[in-house]
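Asker: Right, I'll just put the structure down here and ask away after.
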Amino acid sequence: MKRAADDDNTAAIIEYAIMLFNGIGVEKDEAGGARYFLKAATRNNPVAQNRAARLLVAGRGVKKDVVEG
């Protein structure tokens, strides 16, 4: 999944972000998961935009930024 995400497959980016954020099959890494969600969000993916916004508002894996979220 990481390989596909790093090859810019948007669906894989989101799935890998979920894996990282929750520690499913990989070591849990909220900051890493957030980076992948933000990457997918810049591609106008509504799922990624929603999750990235929620992380920004909560300050999980990223610096809290209610305005950006």
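No lab work stands behind these numbers, since they all come straight from the coordinates. Not measured: the values here are computed from a predicted model. Every residue, glycine among them, receives a Cβ derived from its backbone with ideal geometry; neighbour counts consider all protein chains shown.
Asker: Of the GluC sites (Glu not before Pro) in the chain, which ones lie in a loop per DSSP and count no more than 10 other C-beta atoms within 10 Å?
Answerer: 27
Asker: Identify which of the listed values of volume of the Cα convex hull per residue in Å³ was calculated from the structure shown: (i) 92; (ii) 43; (iii) 66.
Answerer: Only one option fits the structure, namely (iii).
Asker: For the chain, modelled as a GNM with alpha-carbon contacts under 10 angstrom, which of 25, 59, 33 fluctuates the most?
Answerer: Per the Cα network of the chain with a 10 Å cutoff, 25 tops the list.
Asker: 222 nm [θ] for the chain, helices only, -39500 (n - 2.57) per DSSP H run of 4+, per residue, to 500?
Answerer: That calculation yields -18500 deg cm²/dmol at 222 nm.
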